[in-house]
Amino acid sequence: MTADDAWRLPPWWVLLVAVLLIVCAELGGASMVRFKLELARWARDAMLARPAVHGLVGVRDVDERILDEALVKFDAGLRLFHLHAEGMGLVIIATTSVAATLGGRRAGRALIALLTAGGAGYPLGYLLWSALIPYRGIEEGKAIAEWSVWIPFGGATIVALWWLAGLVTLRMLRR
Amino acid sequence: MTGPLGRPEALRLFLRPPTVLTVLAVLATTASPVAAHHVGTYVPKDNAVSANFKEIKFALQAGKLDVALRLFEGGALRREMRARAATLPQDLEAEALAAVRTGDARVAEGRLMVFFAALARDLAREAVRQLAEPGVSPETRAAIGPKFLEAIWRYYNLVDFAVSMRDSKSSVAMRLAFDEAETYAKTSAAPAAVNPCSGQRRAADRGRTAPDPDRLRASLERVAQILGDLVEASTPARRNP
């Protein structure tokens, strides 16, 4: 086996970011269980304080359904943060290892930066969405999270992955 | 060899390197979940009253009278009946309780049908009131309609079969009025999602792209009227003067 055939690890700071992301995911998951009632109460109170934002009409049979949907989505956002942060931590480690091994110096640096920033930032969008639901509503909160986090960070990851795929294909054709 | 981002020497793992195809396969599987930032779907749940109604109904149908009685006596449905006694026919709760006690499923179902029709009627009346309030913006009026319609249908749907068995004219009239209300509440001419029984739209309504709160209010008035008549007609005092 030659030195060129060996796997290369990404820089330590990338590994630190990935591990911290997984730690945040686990903390988020544990907090969701430990503070489930407190979180639900806080979100419900915040929504009741903003009836116009959520379109509450003052009739229990109508409003309960609206509040229930918002609370389900609030909880879903926290769960999705937990799942995506766990998964993206591993994705960062796996893809930056490939980039470090096959990306070359310049392309490798750019790829690692994109994959790390994109992978670490993307799950935070779900956390932001959950936090915004009580204040801005389901749809507006989602739109803010989409444009400020999901699209830029998710886009960075997708671009980097396709770039990496192209590099790997090029390597394959050259062999 | 220089490592990425200024690291002098990247660590090497002396493992067998992956084949290019393996790496491509891994990349392909990681790209798709990243691209799809789905946020899940919401399925409306029963509230305490509708869930309790279903439990009582199934217990009665299964002939489990003791279970039905326990569910009715300590359930959310009876509490709601008491809380709304002022707007319900006199002795509705007592008659329902007596029917459950004696195991008369048909009468019990009839009394509970009246209760849910009354709940839906009150919601329709409140929707009419809110749609007629002065100073409410057109956007708010347009948003109010579908929410009330959904709540009305959620209650009425529980007893629609019972209504159709007892008063088929009211059942058909209610469906038509509700379908019409849905048409005026919708922002597009797409098929109704709430009422699965709604059929083809009229040609004039098929091209509708904006809600019409004024016509919606008229349709909701009709819904309230039909349900009010149904409640009145189903009270024993009115039936057997």
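The values are calculated or read from the model by the stated rules, or taken from the named source; none is laboratory data. Remember, predicted model here, so these are calculated numbers, not experimental data. Cβ sites come from the backbone with ideal geometry, for glycine too, and all protein chains shown count toward neighbours. Heavy atoms of the whole protein, side chains included, go into the accessibility calculation; ligands, DNA and RNA do not. Shrake-Rupley method; radii C 1.70, N 1.55, O 1.52, S 1.80 Å.
Prolate is the label for region A:10-168. Its Cα gyration tensor axes, ordered a ≥ b ≥ c, give a/c of at least 1.5 and a/b above b/c. The mean sequence separation of alpha-carbon pairs under 8 Å and at least six residues apart, normalised by the residue count of chain A, gives a relative contact order of 28 percent. Positive contributions from Lys and Arg (+1) and negative ones from Asp and Glu (-1), summed over other residues with Cβ under 12 Å from the Cβ of A:Glu38, come out at +3. The angle between the Cα long axis of helix A:124-136 and the longest principal axis of the Cα atoms of chain A comes to about 20 degrees, rounded to the nearest 10. Counting, for every residue in B:78-87, the Cβ atoms of other protein chains within 10 Å of its Cβ and taking the mean gives 0.
Could you state how much accessible area is buried at the B-A interface, both sides summed, with a 1.4 Å probe, in Å² to the nearest 100?
Numbers: alone 14720 and 10570 Å², together 20820 Å².
Summing both chains' loss of accessible area gives about 4500 Å².
Distance from the C-alpha centroid of region A:144-168 to that of region A:102-124: 10 Å, rounded to the whole angstrom.
For B:Gln61 and B:Ser137, the difference between the fully extended length at 0.36 nm per residue and the C-alpha to C-alpha distance is 22.6 nm.
Considering only A:Gly154, A:Tyr122, A:Gly104, and ranking their Cα positions along the charge dipole of region A:98-154 that arises from unit charges at the beta-carbon of Lys, Arg, Asp and Glu, the one farthest toward the positive end is A:Gly104.
Using only side-chain charges placed at the Cβ, +1 for Lys and Arg and -1 for Asp and Glu, the dipole size of region A:56-152 relative to its Cα centre rounds to 740 debye. Helix A:60-102 and the longest principal axis of the C-alpha atoms of chain A enclose an angle of approximately 10°.
For peptide B:50-60, the mean count of partner chain Cβ atoms within 10 Å of a residue's Cβ comes to 0.
Residues within the reach of a label modelled at A:Arg60 (point 7 angstrom out along Cα to beta-carbon, backbone nitrogen below 19 Å), restricted to region B:78-93, are B:78-89, B:92-93. Trypsin sites (Lys or Arg not before Pro), restricted to region B:57-148: which are DSSP loop and have at most 15 other Cβ atoms within 10 Å? Those satisfying the criteria are B:Lys64, B:Arg84.
Think of each Lys and Arg Cβ as +1 and each Asp and Glu Cβ as -1; about the Cα centre, that makes the dipole of region B:42-239 roughly 200 debye.
Counting only lysines at least 8 places from B:Lys147 when in the same chain, those with an alpha carbon closer than 21 Å to its own are A:Lys73, A:Lys142, B:Lys45, B:Lys186.
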